[in-house]
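*Asks:* Sharing a structure, written as structure tokens. Questions coming.
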Amino acid sequence: MISAFSRLVLMGVGVLFVLVLVLFGLRQVGFQRQFQAFDHPLVQDPAFWIVALGGDAQRFPPYTKEALLAAAELDKDMLIELPLHRSQDGVWFVFPTYQLESVTDGSGFPEVLTWDQLSQLDAGFQYPGPTDNFPFRGKGLRLVNLEQAAQLLPKTRFVLTFFDPKADFAEEVATQINSLDLGPRVVIRSPFSKFVRELKKIEPMWIYAIDRPSLDRAVMMGRLRIETLASLPTDVVISELTRNGTVILSQPIVSEIKRQKKRLLLIIDDSTPTIPKWILSYIDGVLTNRPSWAVEQFRSPAP
């Protein structure tokens, strides 16, 4: 006679077997999905993207006019990432963090100041320079806003990262981007899904990069071996290789990203470990604070 414990074990094994079959079936169903790349000049562009984080931050304080110009001069096809915050009086300006003291001689949250106040801050105040002696402090370097960056680089393509935007800012953002004629040459990204969804309702033909929550869900599905069911709602995926020391981009999930015909951009900064060779054949570009290194690494030498 089978004991109660044995019955429980058999039931557990049966449930596990059914679960494995269900997961395998879902994975196979996912493989049947067909995908088509978004018909947009940027997405269809076969060129390898090099996206400068902060402009040429190896030579100038990041996100200043000088750094942006220096990055654009490194490569004719350079893209530049602009992290954007909204000033108290509604100006979208370029700033990389949530604290003024991390970059400037100001303090506190950047969003609580007007653009006039922000534009007076020393944008080179905390930049150590190659000899750690703050050579740009007091040299008159200033923050720039989105309009100034667009005018400064009228042909450059941008990755615009919107921080802390409320969903009801979507209309305002769409109006400004259109007024600057940036729509055809920008990729929009934000860590906040609702803002991206609202903006995409207004401008569905712009390019959007996947937000972090959507990527996290896709990575989790990859760990469950059902990555074929991952929902990648945008046409560009931007991701770091590791997070908190753990590799998050496995070969199966990267393969699925490419099967869904998404452009995959890898974030590479000073903390990035050695890049596995296998991933280099999958990625379509990099975001890096070392653009001169990226040009040397990924651009073919001139004949």
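The values are calculated or read from the model by the stated rules, or taken from the named source; none is laboratory data. Nothing here was measured: the structure is a model prediction, and the numbers come from that model. FYI the Cβ positions are ideal-geometry reconstructions off the backbone, even for glycines, and counts take in every protein chain you see. Surface accessibility is based on the protein's heavy atoms, side chains included, excluding ligands, DNA and RNA. Shrake-Rupley method; radii C 1.70, N 1.55, O 1.52, S 1.80 Å.
*Asks:* Could you please let me know if Ile177 is touching a residue at least 60 places away in the same chain (Cβ under 8 Å) and either under 18 Å from the mean Cα position of the chain (by Cα) or surrounded by 15 or more Cβ atoms within 10 Å (Cβ to Cβ) (or both)?
*Replies:* no
*Asks:* Right, another one. How many of the residues in the stretch 39-92 are touching a strand residue (DSSP E or B) at 6+ places or on another chain (Cβ under 8 Å), closer than 21 Å to Pro184 by Cα and of a type in the set (Gly, Ala, Ser)?
*Replies:* 4
*Asks:* Tally the residues that are within 15 Å of the chain's Cα centre (by Cα), outside any strand (DSSP E or B) and at pLDDT 90 or above, restricting the search to the stretch 258-288.
*Replies:* The total comes to 3.
*Asks:* Can I ask one more? Working only within the stretch 258-302, note down all residues that are open to solvent by 10 Å² or more (accessible area, probe 1.4 Å) and touching a Gly at 6+ places or on another chain (Cβ under 6 Å).
*Replies:* Asn289
*Asks:* For the stretch 76-134, enumerate the residues that are open to solvent by less than 70 Å² (accessible area, probe 1.4 Å), under 23 Å from Thr175 (Cβ atoms) and part of a loop (DSSP other than H, G, I, E, B).
*Replies:* Within the stretch 76-134, Ser87, Gly90, Val91, Phe95, Leu113, Thr114, Ser119 meet the criteria.
*Asks:* Mind checking which residues of the stretch 180-195 are open to solvent by 10 Å² or more (accessible area, probe 1.4 Å) and either hydrophobic (A, V, I, L, M, F, W, C) or within 11 Å of Ala150 (Cβ to Cβ) (or both)?
*Replies:* Leu180, Asp181, Arg185, Phe192, listed by residue number.
*Asks:* Of all residues in the stretch 196-214, which are open to solvent by 70 Å² or more (accessible area, probe 1.4 Å) and touching a Ser or Thr at 6+ places or on another chain (Cβ under 9 Å)?
*Replies:* Arg212
*Asks:* How many residues are buried (at least 17 other Cβ atoms within 10 Å of the Cβ), hydroxyl-bearing (Ser, Thr, Tyr) and within 21 Å of Val51 (Cβ to Cβ) if we restrict to the stretch 215-250?
*Replies:* Residues flagged as buried (at least 17 other Cβ atoms within 10 Å of the Cβ), hydroxyl-bearing (Ser, Thr, Tyr) and within 21 Å of Val51 (Cβ to Cβ) within the stretch 215-250 amount to 2.
*Asks:* Do we find a residue being open to solvent by 40 Å² or more (accessible area, probe 1.4 Å), more than 30 Å from Asp45 (Cβ to Cβ) and not hydroxyl-bearing (Ser, Thr, Tyr) anywhere in the stretch 142-159?
*Replies:* Within the stretch 142-159, one or more residues are open to solvent by 40 Å² or more (accessible area, probe 1.4 Å), more than 30 Å from Asp45 (Cβ to Cβ) and not hydroxyl-bearing (Ser, Thr, Tyr).
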